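**Student:** Take this structure, written in structure tokens, and hold onto it; I'll ask about it next.
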Amino acid sequence: MTLATADDLTQPFAWPDGGVSQVPYRLFSDPEIYALEQQRIFRGPVWNFLCLEIDVRKPGDFKLASVGETPVVVTRDKDGAVHAFVNRCAHKGALVCLKERGNAAVLTCVYHSWSYNLKGELQGIAFRNGIKGKGGMPADFDPAQHRLQPLKVEVFSGLVFGSFDFAMPLVESYLGPVMAKFVRRSLDKPLRPLGLQSQILHNNWKLYAENVRDSYHATLLHTFYTTFKINRLDMDGGILMSDDTWHHISYAKRDTWQEDAEYRKAGVHSAQFESKLDGPQLLDAWDEEKDGISHVVQSIFPNLAIHFTLNSICVRFFAPRGLNETELFWFYLGTESDTPAQERMRVLQGNLTGAAGLVSLEDGCINEFVQRGTRGSEDKISFVEMGGRDLAPSEQSRATEVSIRGFWAGYRRIMGFQ
Amino acid sequence: MSDSGEVDDLALRTRVEDLLLDYAHAIDDGDMQAWPGFFTEDGLYKIQSRENYEAGLPMGVMFCEGAGMMRDRVLALETANIFEPHTYSHVLGRPRLRLEADGTIRARSNFLVTRTMQEGRMDVFAAGKYLDRIAPQPDGGLKFAERLVVLESRRIDILLVFPL
């Protein structure tokens, strides 16, 4: 189904008069809107996260990615430049790269052996001149006209971004200064992978986009900290948004790091003041950035998030896998300079998040509960007025849904839903 | 014990197999309180995808260092965590055993776990292998000093709250 504009929907769509504090449930269940998103958002004027730069560290490295539902390959060529193109042979449309990651000098489609260099340019065609003078491609066949479809690519702070829109400004201006600063804070260091996991969420991708921006639910749905009487010392925090409101940051600060003798000796801080934890090493941490911020979750439109909580660094990417299905990837990271003790702390803190996260595993099912709860209610709307109806950043409080409204304001704009 | 480290003591094999079965049955029966007791006090428990395991990456989907962290997991899932009620059913393969010089036993076995939701939907939730190091205890019993659960797939459907 190809839909060029919102006007092409079979059932016309108008945003409710209440604006972005009212979100129609139809947005999570209409296959035409989902198809339109593929065009307007993922293949439109956004920077999509493709992979980590360390996924394509060496010349010849390649890594599969997806932009919306479109399969993409990211490569690093012999000169060190990073490229991305649609993983679709220019001949018959088969996948060119089959392995998730690897290293190769040329990429060859298995179907008819058309081969491409690491820039995605067609360089070889089997039997181009036929066999014994018979068959072969027409004389006017021009390999330059048959390359793999390229994306615009930029590497920013260890993240590889791609866009189908070659008019995109630099990633830094797409993010805006505040967002860019926090991405650098989290990731601008020599990174090392600690592990990848993924989770299948049975809901539309936008429900996770809302969820990751939802600072209101954090202490209500996720009760691990309160159950274990963990004094987080970090209730002071706020919400920042980019000027265009579709990216956000939620952060928390702590006044001081608790130092008790046992930990001071090891140069390690215990993040909890006192708790009922039987295995308190879960929260062993060190003051890594020395700016007093203990917890940051940042979202980047359309489907990327980054968290840096205690010392757990993680890039989360939620890929639409259909109208009602989303694959949430968790790329856990450390740095090249981590000591074994620091790596251990990052790994143990990994228990807090992810598919089995002590703090946040509920997010695996809560969005599905919305997807199921709203079945048959496509004409109804959700009510997103915590913290007001406007889009003003909330620097004093996280008891707000302003960044969810910010997401929808950006979504309306790019989708043309007026 | 033969020279190769193969366990040819059938009585010992039976005790190891009973440990593996009792562990799975406790989880399948919902007896989460019993779970940490299958480990030594400093025992390790990690669930990891095959992809991460083969790449030598340290992160686990679930990673407990010591039975204290396991008891915290149990308390969390019984009192803090929110999820739809569901049960597991483990199907275990016969273990391959090897006696180490320090008296512990290395065991490798395959498993398949179905998950049944309260409304009846049943799926293959996990499949993979257990890589265990089992330590004989002073009282004659056996406990896991280490249990590494290697999942064939990196994908977890919805969430993982009960240990495997």
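The values are calculated or read from the model by the stated rules, or taken from the named source; none is laboratory data. For clarity, every value in this text was computed on a predicted model and none was experimentally measured. Glycine also receives a Cβ, built like all others from the backbone with ideal geometry; neighbour counts cover every protein chain displayed.
**Student:** Only residues that are assigned to a loop (DSSP other than H, G, I, E, B) and free of Cβ contacts under 8 Å to residues at least 40 places away in the same chain: list them for segment A:60-86, please.
**Tutor:** Selection gives A:Asp79, A:Gly80, A:Ala81.
**Student:** Looking at (1) under 24 Å from A:Val315 (Cβ atoms); (2) surrounded by 13 or more Cβ atoms within 10 Å (Cβ to Cβ); (3) free of Cβ contacts under 8 Å to residues at least 24 places away in the same chain, which is the one condition that is false for A:Arg57?
**Tutor:** (2)
**Student:** Only one of B:Ala24, B:Ala34 is more than 13 Å from chain A (Cβ to nearest Cβ) and under 16 Å from B:Asp72 (Cβ atoms); which?
**Tutor:** On the way: B:Ala24 fails: under 16 Å from B:Asp72 (Cβ atoms).
Exactly one residue qualifies, and that residue is B:Ala34.
**Student:** If you scan segment B:88-132, which residues turn out to be within 22 Å of B:Val161 (Cα to Cα) and without any contact (Cβ under 8 Å) to a residue 12 or more places away in the chain?
**Tutor:** B:Glu119, B:Gly120, B:Arg121, B:Met122
**Student:** Further question on the same structure: Tell me which residues, restricted to segment B:69-79, are surrounded by 18 or more Cβ atoms within 10 Å (Cβ to Cβ), facing chain A (nearest Cβ under 7 Å) and not charged (D, E, K, R).
**Tutor:** Once the filter is applied, which keeps residues that are surrounded by 18 or more Cβ atoms within 10 Å (Cβ to Cβ), facing chain A (nearest Cβ under 7 Å) and not charged (D, E, K, R), segment B:69-79 yields B:Met69, B:Ala76.
**Student:** Checking the conditions here, which among A:Gly350, A:Gly354, A:Gly364 is on the phi > 0 side of the Ramachandran plot, within 14 Å of chain B (Cβ to nearest Cβ) and crowded, with 21+ Cβ neighbours inside 10 Å?
**Tutor:** Result of the check over A:Gly350, A:Gly354, A:Gly364: A:Gly354.
**Student:** While we're here: Please find, among B:Arg94, B:Arg106, B:Arg71, the residue that is modelled with pLDDT of 95 or more and in contact with a Lys or Arg (Cβ under 9 Å, 6 or more places away or on another chain).
**Tutor:** Result of the check over B:Arg94, B:Arg106, B:Arg71: B:Arg106.
**Student:** Another question, if that's okay. For segment A:108-165, give me the residue count where each residue is surrounded by 13 or more Cβ atoms within 10 Å (Cβ to Cβ) and in a strand (DSSP E or B).
**Tutor:** Qualifying residue count, segment A:108-165: 17.
**Student:** A further question on this structure: Working carefully through the options A:Gly322, A:Gly334, find the one that is at pLDDT 90 or above, farther than 30 Å from A:Leu207 by Cβ and either part of a strand (DSSP E or B) or more than 14 Å from every other protein chain (Cβ to nearest Cβ) (or both).
**Tutor:** The match here is A:Gly334.
**Student:** Filter segment B:48-66 down to the residues that are touching a residue at least 60 places away in the same chain (Cβ under 8 Å) and either within 11 Å of chain A (Cβ to nearest Cβ) or under 11 Å from the mean Cα position of the chain (by Cα) (or both) and list them by number.
**Tutor:** Within segment B:48-66, B:Gln48, B:Ser49, B:Glu51, B:Asn52, B:Tyr53, B:Val61, B:Met62 qualify.
**Student:** Go through B:Tyr45, B:Tyr88 for me and flag whichever is crowded, with 19+ Cβ neighbours inside 10 Å, more than 7 Å from chain A (Cβ to nearest Cβ) and modelled with pLDDT of 95 or more.
**Tutor:** From the options B:Tyr45, B:Tyr88, the qualifying one is B:Tyr45.
**Student:** Can we say A:Arg375 is part of a loop (DSSP other than H, G, I, E, B), more than 12 Å from every other protein chain (Cβ to nearest Cβ) and at pLDDT 95 or above?
**Tutor:** The answer is yes for A:Arg375.
**Student:** Looking only at segment B:110-134, count every residue that is buried (at least 18 other Cβ atoms within 10 Å of the Cβ) and hydroxyl-bearing (Ser, Thr, Tyr) and tell me the total.
**Tutor:** 1
**Student:** Criterion first (assigned to a loop (DSSP other than H, G, I, E, B) and either aliphatic (A, V, I, L, M) or touching a helix residue (DSSP H, G or I) at 6+ places or on another chain (Cβ under 7 Å) (or both)) does A:Arg389 satisfy it?
**Tutor:** On the way: assigned to a loop (DSSP other than H, G, I, E, B): yes; either aliphatic (A, V, I, L, M) or touching a helix residue (DSSP H, G or I) at 6+ places or on another chain (Cβ under 7 Å) (or both): yes.
Taking the combined requirement at face value, the residue satisfies it.
**Student:** Here's something else I'd like to know. I need every pair where a residue in segment A:148-160 that is on the phi > 0 side of the Ramachandran plot has its Cβ under 6 Å from the Cβ of a residue that is crowded, with 19+ Cβ neighbours inside 10 Å and not in a strand (DSSP E or B), sequence separation at least 6 or different chains.
**Tutor:** That search, which allows pairs on different chains as well, returns A:Ser157/A:Val183; A:Ser157/A:Leu187; A:Gly158/A:Leu187.
**Student:** Answer yes or no: is there a residue in segment A:353-369 that is closer than 30 Å to A:Asp8 by Cβ and outside any strand (DSSP E or B).
**Tutor:** yes
**Student:** On to the next question. Picking from A:Ala218, A:Ala180, A:Ala209, which residue would you name as being within 14 Å of chain B (Cβ to nearest Cβ) and closer than 28 Å to A:Glu289 by Cα?
**Tutor:** Answer to the check: A:Ala218.
**Student:** Follow-up question, since we're still on this one. Tell me, please, whether a residue that is in contact with a Leu (Cβ under 8 Å, 6 or more places away or on another chain) and of a type outside the set (Lys, Arg) can be found in segment A:378-393.
**Tutor:** yes
**Student:** Right, B:Thr79: in contact (Cβ under 8 Å) with a residue 12 or more places away in the chain and over 16 Å from the mean Cα position of the chain (by Cα) or not?
**Tutor:** Spelling it out, it is not the case that B:Thr79 is in contact (Cβ under 8 Å) with a residue 12 or more places away in the chain and over 16 Å from the mean Cα position of the chain (by Cα).
**Student:** Among the candidates A:Leu207, A:Leu282, A:Leu277, which residue alone is of a type outside the set (Phe, Trp, Tyr), assigned to a loop (DSSP other than H, G, I, E, B), out of contact with any Lys or Arg (no Cβ under 8 Å at 6 or more places or on another chain) and modelled with pLDDT of 80 or more?
**Tutor:** Numbers: A:Leu207 fails: assigned to a loop (DSSP other than H, G, I, E, B); A:Leu282 fails: assigned to a loop (DSSP other than H, G, I, E, B).
Among A:Leu207, A:Leu282, A:Leu277, only A:Leu277 is of a type outside the set (Phe, Trp, Tyr), assigned to a loop (DSSP other than H, G, I, E, B), out of contact with any Lys or Arg (no Cβ under 8 Å at 6 or more places or on another chain) and modelled with pLDDT of 80 or more.
**Student:** Sticking with this one: So B:Arg108 clears everything in (1) closer than 22 Å to B:Asp18 by Cβ; (2) in contact with a Pro (Cβ under 8 Å, 6 or more places away or on another chain); (3) within 14 Å of chain A (Cβ to nearest Cβ) except one condition, right? Which one?
**Tutor:** For B:Arg108, the exception is condition (3).
**Student:** Kindly indicate which of A:Ser163, A:Ser115 is farther than 19 Å from A:Asn48 by Cα and among the polar types (S, T, N, Q). Spell out the reasoning first.
**Tutor:** On the way: A:Ser163 fails: farther than 19 Å from A:Asn48 by Cα.
On inspection, the qualifying residue turns out to be A:Ser115.
**Student:** Is it true that B:Ser153 is away from chain A (no Cβ under 14 Å) and touching a residue at least 60 places away in the same chain (Cβ under 8 Å)?
**Tutor:** Criteria not met by B:Ser153.
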